[in-house]
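Input: a single structure, listed below in structure tokens.
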Amino acid sequence: MSRAIPALPAAPAGQVTANQLPPPPPPPPPAPATETASLTPTPPLGETPAAAPASTEPLSRNSVLGAYKVTTTGGNCQIILSLTKWTGGYRAASRGCPGNVADVTAWDVSGSQVVLKDSGGGQVASLSSSGGSRYEGQTTGGQTISLYR
């Protein structure tokens, strides 16, 4: 007892057009620091206060891995850090990064630092946690670099 299934009517066919997508918007500026009470005295007038030290607490690879937006001298891009073993540590993929940050293909954690590396295992940048899921540092070429999500 098989029944014949009636044919579906043809769907209307229209024109398909292609347009170039606009470039992605720039990432948001860094979140402003929240004010907290400080036990350190205010420096005398005319002296500049010392910069707050970067976190020296050891990082874990699991707390660092994932996708990040990147701001560096020359532009903005994305980097994805995975736990796949790779030359120099673990696999990293950069997308649309300027300068030597485009060479990042690996990463690892060294104490309290996130180290970004090139395909030969050479260091491209070193970053410290600046709170939450944000890391700040410099490339070996002296450019500032920030990873955040």
Rounded to the nearest 0.05, FRET efficiency between residue 73 and residue 15 (Cβ-Cβ, R0 35 Å) equals 0.20
For residue 61 and residue 126, extending 7 Å from Cα along the Cα-Cβ vector and measuring point to point gives, in nm, a value of 2.0
Once both label points are put 7 Å beyond Cα along the C-beta direction, the residue 87-residue 3 separation in nm becomes 6.3
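FYI, it's all coordinate maths here, none of it is from the lab. Predicted, not measured: the structure shown is a model, and the values here were computed from it. All Cβ positions, even for glycine, are placed from backbone atoms using ideal geometry, and neighbour counts span all protein chains on display.
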